[in-house]
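Undergrad: Handing you this structure, nothing more for now.
The values are calculated or read from the model by the stated rules, or taken from the named source; none is laboratory data. Everything numeric in this text was worked out from a predicted model, so none of it was measured. A quick note on method: Cβ atoms are made from the backbone with ideal geometry, for glycine too, and the neighbour counts reach across all protein chains shown. The area values use the complete protein model at the heavy-atom level, side chains included, leaving out ligands, DNA and RNA. Shrake-Rupley method; radii C 1.70, N 1.55, O 1.52, S 1.80 Å.
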Amino acid sequence: MRYFIGNWKMFGVPKAINILNKINSFQSKDKNRNKYRVIITPPYTLIETFAKYFTNKKIIIGSQNCYQKEQFSSNTGAVSPYMIRSVGAKCTLIGHSDNRAEGDTDLMLKDKVKFALKNNLKVIYCIGENKVQKNNNKTFSVLKKQLTKVLEKKFDQKKIIVAYEPIWSIGTGKIPNEKDLLKTTIYIKKTLKNIFKSNSPAVLYGGSVDESNVEIFSKIKEIDGFLIGGASKSSKKFIDIIKNYYSYR
Ligand code: PGA
């Protein structure tokens, strides 16, 4: 199974449902539709409407983050996994570099994963090195730490997807070269197998994925899909990413 996940970040008002409608009609007719899943993570404000509208349709709605407590608490502005699940989201991103930069620690991320899984949300766990770490050849050690400090054998590996997003690649138009990306993806899968003592969860790539560079990524069969930011705000670009991915394969 492949995954095309659109992370809308701080984008979208109710009428943006039109974007998803177009993606949904494409997917319903696409000859490759059974080979992949489309997940969109709109801001919290749109989850309920979108999730209701797309029940029984192809698109799956998720959240971009969740708070590290299970149900209700006195944390102003926080939204818990229980609350997210109760409005119809099926999954959540956790550990996006934006949120790590805002202060999410490994300990907080572990609690987020734990409470998300407990509330029946699948987890898309994001990891990635920054430019300095890459230049100092620290990529593997950074990724290993991000994986082993947060994920645990007792978590259900079937409910977890890992998204590798090098921070220097997010929103910059810069992408890793094919050889490095293949090596890194294999390293991540090996580390995950060690943690879970079973098959590795799906591992996605994210960072400046668009309709033209997806050709490069489509050659790396170890990559199980993509986390797409900027290009997921346009139905045409998002659909072209899927179309091109399969036409190059
Ligand atoms: P980008 O964002 O595709 O705009 O680089 C990816 C992400 O932050 O998830």
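Undergrad: Here's a check for you: in the stretch 100-120, which residue that is out of contact with any Asp or Glu (no Cβ under 8 Å at 6 or more places or on another chain) and among the hydrophobic types (A, V, I, L, M, F, W, C) is surrounded by the most Cβ atoms within 10 Å (Cβ to Cβ)?
TA: A116
Yes/no per residue for (1) within 16 Å of the ligand (Cβ to nearest atom); (2) open to solvent by less than 30 Å² (accessible area, probe 1.4 Å); (3) out of contact with any Gly (no Cβ under 7 Å at 6 or more places or on another chain):
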{"residue": "R2", "(1), (2), (3)": "no, no, no"}
{"residue": "N7", "(1), (2), (3)": "yes, yes, no"}
{"residue": "M10", "(1), (2), (3)": "yes, no, yes"}
{"residue": "A16", "(1), (2), (3)": "no, yes, yes"}
{"residue": "N24", "(1), (2), (3)": "no, yes, yes"}
{"residue": "Q27", "(1), (2), (3)": "no, yes, yes"}
{"residue": "N32", "(1), (2), (3)": "no, yes, yes"}
{"residue": "I39", "(1), (2), (3)": "yes, yes, no"}
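Undergrad: Right, something else. Which numbered condition trips up I124, out of (1) assigned to a helix (DSSP H, G or I); (2) within 16 Å of the ligand (Cβ to nearest atom)?
TA: (1)
Undergrad: Looking at (1) crowded, with 23+ Cβ neighbours inside 10 Å; (2) more than 15 Å from T184 (Cα to Cα); (3) of a type outside the set (G, A, S), which is the one condition that is false for K236?
TA: Result: K236 fails condition (1) only.
Undergrad: Counting just the residues of the stretch 158-206 that are away from the ligand (no atom under 16 Å from the Cβ) and part of a loop (DSSP other than H, G, I, E, B), which one comes out least open to solvent (accessible area, probe 1.4 Å)?
TA: Once the filter is applied, the top-ranked residue is P201.
Undergrad: Kindly provide the set of residues from the stretch 10-60 that are under 21 Å from G230 (Cβ atoms) and either modelled with pLDDT under 95 or part of a loop (DSSP other than H, G, I, E, B) (or both), ordered by number.
TA: M10, F11, G12, V13, P42, P43, I59
Undergrad: Here's a follow-up. If you go through the stretch 74-94 one residue at a time, do you hit one that is among the basic types (K, R) and either in contact with an Asp or Glu (Cβ under 8 Å, 6 or more places away or on another chain) or within 16 Å of the ligand (Cβ to nearest atom) (or both)?
TA: no
Undergrad: Next question. When residues of the stretch 54-99 are filtered for being without any contact (Cβ under 8 Å) to a residue 24 or more places away in the chain and buried (at least 16 other Cβ atoms within 10 Å of the Cβ), how many remain?
TA: Total meeting the criteria: 1.
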